[in-house]
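The next block holds one structure in the form of structure tokens; read it before the comments.
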Amino acid sequence: MKNLHRSFLLPVLGAALLLTGCSSSGESTQRYSWPLATASPEDTVTQIFAEKFAAEVSSLSDGRMKIQVYANSTLGGDRDLLETCADGDIPFVVQNTAPQVSFMSDLAVFDLPCVFDTLDDCRATIDDPDFYRLISDVYTDGGYHLLGMADQGFRVMSTNKPVTSLTDFRGQKIRTMENSYHLAFWKALGANPTPMTFSEVYIGLQQHTIDAQENPYEVIVSNRLYEQQDYIVETNHLPHLISLIVNDTFFADLPEEDQEILTEAANIATAYAREQSDARIADRIATIKASGTEILSLSEETRDELRSAAQPVYTVIQNAIDADIYASYTKNLTTSE
């Protein structure tokens, strides 16, 4: 499969060759065109993030640097993209942090549940210079350079049973990603987590082989999962983070001026993607409410109960990742314990 992807990439990567043109003064100008790949559909914040970055790179370089965005797994799935980016075949990748944990174990810090009450709190932590430096070092050690990190809001739960307290989670058969930390969190709440291929989730809810699922609002609406659920519960248990990465050697070999352009473009794109994420969440909530599905918020007391129940998951992750990264990410976390 990897060889097939490599064969497909050959004509695409031809676009990454150095191009030479002449400026108005007659001097030779070096122009570049590079691919950026995602495994996400076009109508997502991931695509918005990628396209805004590409547009800003072109603008800031006066058209000298071009980035072509390939979405929807055109150049491979998440794992394929990480491998080809590390090898230098695809310079740029935009993707959720979840599939990156198997490549960079310290990124499991983002699997710590119920750390933040608001997206503003989460973003402030991500942008904190000390934390950002620590997490950037993780990417560098993995062969990547972190250019920016946006998000698609929090992951929330949809279900047919109203949930207002910790006891209401008990026994619910909830579909999750196949991630050991995610599974451990839902088990700690007394639920019955069940990994399932995402394409089967709608039918699973329809046929009642599962009671619930968890995803960002964007995914719940784009896949019409709310049609099979009576409630959306704002568990806000995990932020759905989206990273913009580039091959580290590729980035380091660029002239300093071009590195600055990529960095500035990424900063602009990160802020824009977050703004668009907030707007789209509000729109998705309106769609859900219009359908008759009720949205439930959890009280501060219940959120403290969730954090307390999840302490064994905290311990496992704390023991698995760098101590400074754990401390920096959780420094503002308080519980009722």
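The values are calculated or read from the model by the stated rules, or taken from the named source; none is laboratory data. None of these values were measured; they are calculated from a predicted model. Backbone-built Cβ (ideal geometry, glycine too); neighbour counts: all protein chains shown. These accessible areas exclude ligands, DNA and RNA; they are computed on the full protein's heavy atoms, side chains included. Shrake-Rupley method; radii C 1.70, N 1.55, O 1.52, S 1.80 Å.
Summary of values
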read-out: Accessible surface of segment 78-169 [probe 1.4 Å, protein heavy atoms]: carbon and sulfur percent; value: 47 percent
read-out: Proportion of all alpha-carbon pairs of segment 33-84 beyond 12 Å (%); value: 62 percent
read-out: Which of Q259, P99, S33, positive extreme of dipole for the chain (C-beta unit charges); value: P99
read-out: CD proxy at 222 nm, helix term only [per DSSP H run n ≥ 4: -39500 (n - 2.57); per residue of the chain; nearest 500]; value: -13500 deg cm²/dmol
read-out: Cα lying deepest toward the dipole's positive end in the chain, options T46, A282, T74, charges on Cβ; value: T74
read-out: Given charges at beta-carbon only (K, R positive; D, E negative), |dipole| of the chain in Debye; value: 1040 debye
read-out: Most positive-pole-ward Cα, S328, Y132, Y231, against dipole of the chain from beta carbon charges; value: Y231
read-out: Listed residues F154, F198, F169 arranged by accessible area, highest first, probe 1.4 Å; value: F198, F154, F169
read-out: Cβ-based net charge around M177, under 11 Å, with every Lys or Arg adding one and every Asp or Glu removing one; value: -1
read-out: For the chain, projected area of the alpha-carbon convex hull averaged over all directions, nm²; value: 17.7 nm²
read-out: Average accessible area per residue (Å²) across the chain - probe 1.4 Å, nucleic acids and ligands excluded; value: 43 Å²
read-out: Surrounding net charge for Y32, when Lys and Arg each add one and Asp and Glu each subtract one, Cβ distance under 14 Å; value: -1
read-out: Cα centroid of segment 159-185 to Cα centroid of segment 256-274, whole Å; value: 38 Å
read-out: For segment 105-215, convex hull volume per residue from C-alpha positions, Å³; value: 123 Å³
